[in-house]
Every structure is written in C-alpha cells, then in structure tokens.
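Below is one structure; the comments refer to it alone.
Every number in this text was worked out from the coordinates using simple rules, so none of it is lab data. Everything numeric here is computed off the predicted structure, so don't read it as measured data. For neighbour counting, all protein chains shown are included, and Cβ atoms are generated from backbone atoms with ideal geometry for every residue, glycine included.
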Amino acid sequence: MNEKIPVTSVAIITAQNPFGSRLSYDINHDLNRKLRLELYDANCELMQMEGSYAGNQEHSFLTTNIPRIKLIELAQKYKQKAAIWAFVRTLDEETYLHFQYLENGKTTTGKIVPICASYLESADKLFTAVRTGSFKLPVLENKEEKSHGTEFSFDS
C-alpha cells in the first residue's frame, strides 16, 4: 500500500495449531497463507512475527486497522483460542494503545500502554518502531497467560 493510513488498531493473530493442537509445518503454512490473504483482502497491513501459545511455536501476524469483530471472526474461523487486539486512545493529549487479550471472542484481560503518536502515522512507522525496539508490544501478563506460556518476538 502506497497511501499512508494512520493506525487506529493493532492485532496479533495466527491460523496455526487450531485449538492449541500441534499440526504439521505444511498444514500450518497453508492455514497462515489463507489467513494472510484474508488480512490483505480486509486492507490490513501486516508483518510476520514468531510466537508461542501453550508451548507450540507459531508464526503469527502483527496487523493494523482491523476491526475487533473481524479479528474475532478470523480467530473463530481458524479455530484460535486467543488473539490480541488494541485500539488507539487519546487521554489528556497523551496517546495510548489499549490492549485486550481475547479468548474465545471475549476480553479476559487488558493493558493500556503509552505510545509515541508519530509511530501511529502509518503501519510502516509502527512496524519499524517494533522491529528496532523503539516500541515494545507488551505481552499481557497474568496468571492465565503465564500458564499458557504466551510469548512473542519479531522477525527482523
């Protein structure tokens, strides 16, 4: 996409290992290929990242400007137990990302994280900030997540 579209939301999702069941590389690759196409069809920009859920290593996508309901629909379609979604908030002239950890379509925990407003001018700026470590996406820490072993790192 050539047009610079401001970031209004951020999400992390994968299609791999439905319901936390470990599948073969080929099946997981095909599932993520289909998800990637759906994200592009929804006009989302994305970057690939590595993650793990319940001990399964997975290729996930960090994507921008996806409505929460669309993320939930995709998570359900690809039989994912969890996804992460955040929307941009401005309070007292400060900019924040309000993260929601979604399990089975419902928010189980959330976290509000300050972010430099210039990182949200476009997906390219946000992705660059994440890749260089200028902005670190939080892993939402709670007892449930720690038991699942949810972790993320970004491909450079």
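Among P67, P114, P18, the residue with the largest mean-square fluctuation in a Gaussian network model of the chain, with springs joining Cα atoms closer than 10 Å, is P114. Here E38 and T109 are evaluated by their C-beta separation; at R0 = 22 Å the FRET efficiency comes out at 0.25. For region 9-141, the Stokes-Einstein estimate of translational diffusion at 10 °C and a viscosity of 1.306 mPa s comes to 105 µm²/s, using the Kirkwood hydrodynamic radius over alpha-carbon pairs.
Got the relative contact order for region 9-141 handy, in percent, Cα pairs under 8 Å and 6 or more residues apart? Can you show the working numbers first?
On the way: 224 pairs, mean separation 30.5, N = 133.
Taking the mean separation of contacting Cα pairs over the length of region 9-141, I get 23 percent.
In angstrom, the C-alpha Rg and Dmax of region 1-48 are 13.0, 39. Can you give the angle from 0 to 90° between the axis of helix 25-41 and the longest principal axis of the chain, with both taken from C-alpha atoms, to the nearest 10? Relative to the chain, helix 25-41 is tipped by roughly 40 degrees. When restricted to Cα atoms, region 78-137 yields an Rg and a Dmax of 12.9, 39 Å, respectively. Applying both filters, DSSP loop and at most 11 other Cβ atoms within 10 Å, to the GluC sites (Glu not before Pro) of region 1-73 gives E3. Phi-derived couplings, Karplus 6.51 cos²θ - 1.76 cosθ + 1.60 at θ = phi - 60°, listed residue by residue for region 115-124: 9, 5, 4, 5, 5, 9, 5, 6, 4, 4 Hz, with x used for Gly and Pro.
Could you list the GluC sites (Glu not before Pro) in region 89-123 that lie in coil according to DSSP, counting only those with at most 12 other Cβ atoms within 10 Å of their Cβ? Within region 89-123, the qualifying GluC sites (Glu not before Pro) (loop, at most 12 other Cβ atoms within 10 Å) are E93. Result for the chain in a Gaussian network model with C-alpha springs under 10 Å: among T132, T109, T64, the largest mean-square fluctuation is at T132. Rg and Dmax of region 24-65, both derived from C-alpha coordinates alone, stand at 10.9, 31 Å. Among the lysines of region 62-139, pairs that are 8 or more positions apart or on different chains and have alpha carbons within less than 19 Å of each other number 8.
Relative to the longest principal axis of the Cα atoms of the chain, helix 68-77 runs at roughly 10 degrees.
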